[in-house]
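The values are calculated or read from the model by the stated rules, or taken from the named source; none is laboratory data. Remember, predicted model here, so these are calculated numbers, not experimental data. Heads up, the Cβs are rebuilt from the backbone with ideal geometry, glycines too, and the neighbour counts pull from every protein chain shown.
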Amino acid sequence: MFPNPAKEVLGINCDVEKAILKIFDINGRLVLTDLVFSNSEINISELVTGTYIIILSAENGKTGVQKFVKE
């Protein structure tokens, strides 16, 4: 995931062909869901400034969790 912090676009680089991406705000509310591929860009310009948690869930059961900051 890059850059971090990010302003408008967040790059996702994962080692699976496709995954479901969920972004939660710091209070645990789901704010964005999308299908991502091994190299994707997510538009985060609509999100308010703050800290977010990303959960990537792949078809093979792998799950990844990361935190990022929206400027």
Practice problem: Provide a single number: the residues in the range 47-71 that are over 15 Å from residue 2 (Cβ atoms), of a type outside the set (A, V, I, L, M, F, W, C) and in contact (Cβ under 8 Å) with a residue 12 or more places away in the chain. | Solution: 7
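For the range 28-71, which strands (runs of 3 or more DSSP E) that fit wholly inside it have 2 or more residues that are modelled with pLDDT under 95, among the basic types (Lys, Arg) and more than 18 Å from residue 13 (Cα to Cα)?
none
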Quiz item: Can you name every residue in the range 34-46 that is within 12 Å of the chain's Cα centre (by Cα) and closer than 16 Å to residue 7 by Cβ?
Solution: 41, 42, 43, 44
Practice problem: Quickly run through the range 4-28 and pick out the residues that are within 15 Å of residue 68 (Cα to Cα) and either of a type in the set (S, T, N, Q) or surrounded by fewer than 10 Cβ atoms within 10 Å (Cβ to Cβ) (or both). | Solution: 4, 13, 27, 28
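Given 69, 31, 36, which one is in contact with a Pro (Cβ under 9 Å, 6 or more places away or on another chain) and surrounded by 11 or more Cβ atoms within 10 Å (Cβ to Cβ)? Spell out how you get there, then give the answer.
Numbers: 31 fails: in contact with a Pro (Cβ under 9 Å, 6 or more places away or on another chain); 36 fails: in contact with a Pro (Cβ under 9 Å, 6 or more places away or on another chain).
Going through 69, 31, 36 in turn, the sole match is 69.
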